[in-house]
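Take a look at the structure below.
The values are calculated or read from the model by the stated rules, or taken from the named source; none is laboratory data. Please read these numbers as outputs of a predicted model, since none were measured by experiment. Neighbour counts run over all protein chains shown; Cβ positions are idealised from the backbone, glycine included. Ligands, DNA and RNA are excluded from the accessible area calculation, which covers all protein heavy atoms including side chains. Shrake-Rupley method; radii C 1.70, N 1.55, O 1.52, S 1.80 Å.
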Amino acid sequence: MNNKIIIILFVVLIYFLNLIYCQPTTFYVESSTNPPTQGINMDFYLYNIDNDNQDKTPTITFTSSQLKTYGSKKNETTYNFKIPRGCGKDNVIMIDIGTNSYQMEISYQAPIITSCSKVNGNNNLVMCIGDNFGSDIANLDGSRTIIKYSNQVIPIKTFNDSSITFEIQDYYFSDYINIDVCNVSIATNYLINIDPIFKYYSIPIPLHRSNQMVDIFGIHFSPTLSNSSLNCNISNSVDGSSSSSSSSSSSSNSSSNSNIPPIICKYENSLQFSCDLSIVKSRIKSCSILLNNIIEDTFNIIYSQPIIEKVTSIYSYENGNITIYGTDFYEPIESVKIGTIECSNPKLTIDNNENNQSYIICQLSALPDGYNINFNTDINITVQSDGLIGIYQSFRYLDIISQGSDNHDQDNKLKWMIPVIIIPIFFGMLTIFIPFILCKNKSTMTAFNNCCMRRNKDPTKRNSNGMVSSKIPNNNTTKSISDVNIHGNYSNYDD
């Protein structure tokens, strides 16, 4: 019984082993390495070739170009193929041997740089040595070799599989070079350093707060501005005069100067960067331009005098604050004077607006009793700001404004009084001349009075007033001479 069981188990085991080891196998291929761009003879391993195909010659066909290469047998599974020049990754190939076929992908090696240096006799020409740079025309997909440097694609002068050259332009800067061959980039970027070169600087003269930019010009400036800066210092002593036109690199370390925080500089392009001096409230005496931590140049700064645009006012008999508006004020504010009167405790406020207008507030005391002042004359305001002096020539106390207001009221009263006086006179003259006009008599005023004022008198008889009258007998009605058609010259009558 036990023997039968053992026999049955042995038969089952042999059945399963036969299923495992006697089933049909699949044909597949493996490559030994990635080919370089210039091509190479390389081995491929072909497994599970059908017995009927063992003596057949294998081929590799590049799907994209239909380029076909033949292999030679080295041993039972190893075949050697000549891989043509090419580039790129994931190139689809078909391996055929007899009726066995297998599809796979191969990738060419990535470019590599071992060194880069300037070519002797030409400081602007750089040659990089390495491998897998490709060729003028890639055999597989036509892609070209591309060099990326200084944030741009740069033109290639010459190249082959193991070397490549290009010319340095003014707008190139220190950067990692990247070589791309058929969309396969260099595995490790190579750093090529180019020293920045200073040419000149530009700064407004005189310098105003509205424009405090210093422009530095040169070539090969890096976007990071590494090791490039503008180092400035201010003077501790106030002398009110401009700095000297020349300065040495040691001036920034002298006892009379004080270093300030680094000046903020902005990269404009590889040929220019700009530095803003507005972060400094005090006047800067001088600045040094540093490239690669080496002083290239030092310059002094000439500032504009303070510009006073308007001033508030107070009454001469009171204490109070005045505000002085303007530009180009710098700390410290040494003094503010209204004429010869000191305005104490001046405080500067700088508005960082588009106009860069600033203002000073100081305390002005009332004028002392008996102080001789002409309210009709402008008073000078003198501001001394960090050694620079600005003068405003149109200040007046509010007292003169009050006087002007009183005079204005008097002028208004006069304007109302004029029509009140003239209108009655005008109408009075009308009452005199209208009757005269209506009478239409060209005789003298005496004749007019005789004509208009006398009635009921004998025409041959004149009264004491010089008037003549006539009595009409028909209706016993007395009429004046003006009522009858009698013409005569009264000058013929005697008094």
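Brief remarks follow.
- Members of segment 156-169 that are β-branched (Val, Ile, Thr), at pLDDT 90 or above and not in a loop (DSSP other than H, G, I, E, B): Ile164, Thr165
- Filter result for Asn355 (open to solvent by 70 Å² or more (accessible area, probe 1.4 Å), at pLDDT 90 or above and either in a helix (DSSP H, G or I) or touching a Ser or Thr at 6+ places or on another chain (Cβ under 9 Å) (or both)): no
One line per residue, one yes/no per condition, for (1) of a type in the set (Val, Ile, Thr); (2) without any contact (Cβ under 8 Å) to a residue 40 or more places away in the chain; (3) part of a loop (DSSP other than H, G, I, E, B); (4) touching a strand residue (DSSP E or B) at 6+ places or on another chain (Cβ under 7 Å):
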position: Ser316; (1), (2), (3), (4): no, no, yes, no
position: Ile322; (1), (2), (3), (4): yes, no, no, yes
position: Pro346; (1), (2), (3), (4): no, yes, no, yes
position: Tyr359; (1), (2), (3), (4): no, yes, no, yes
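- Restricting attention to segment 170-181, the residues that are in contact (Cβ under 8 Å) with a residue 40 or more places away in the chain and either assigned to a loop (DSSP other than H, G, I, E, B) or aromatic (Phe, Trp, Tyr) (or both) total 5.
- Of the criteria (1) modelled with pLDDT of 65 or more; (2) closer than 13 Å to Lys285 by Cβ; (3) open to solvent by less than 70 Å² (accessible area, probe 1.4 Å), which one Asn259 fails: (3)
- Summed over segment 262-304, residues that are under 14 Å from Ser202 (Cβ atoms), open to solvent by less than 50 Å² (accessible area, probe 1.4 Å) and among the aliphatic types (A, V, I, L, M) total 3.
- The number of residues in segment 44-59 being open to solvent by less than 70 Å² (accessible area, probe 1.4 Å) and either assigned to a loop (DSSP other than H, G, I, E, B) or at positive phi (or both) comes to 5.
- Condition check for Phe375: part of a loop (DSSP other than H, G, I, E, B) and within 18 Å of Glu309 (Cα to Cα): no
- Positions within segment 60-70 being open to solvent by 100 Å² or more (accessible area, probe 1.4 Å) and not charged (D, E, K, R), in sequence order: Gln66, Tyr70
- Asn41 in a strand (DSSP E or B) and under 30 Å from Gln169 (Cβ atoms): no
- The lone criterion from (1) at pLDDT 90 or above; (2) over 28 Å from Glu296 (Cα atoms); (3) surrounded by 14 or more Cβ atoms within 10 Å (Cβ to Cβ) left unmet by Val153 is number (3).
- Filter pass, Phe81 being aromatic (Phe, Trp, Tyr) and modelled with pLDDT under 95: no
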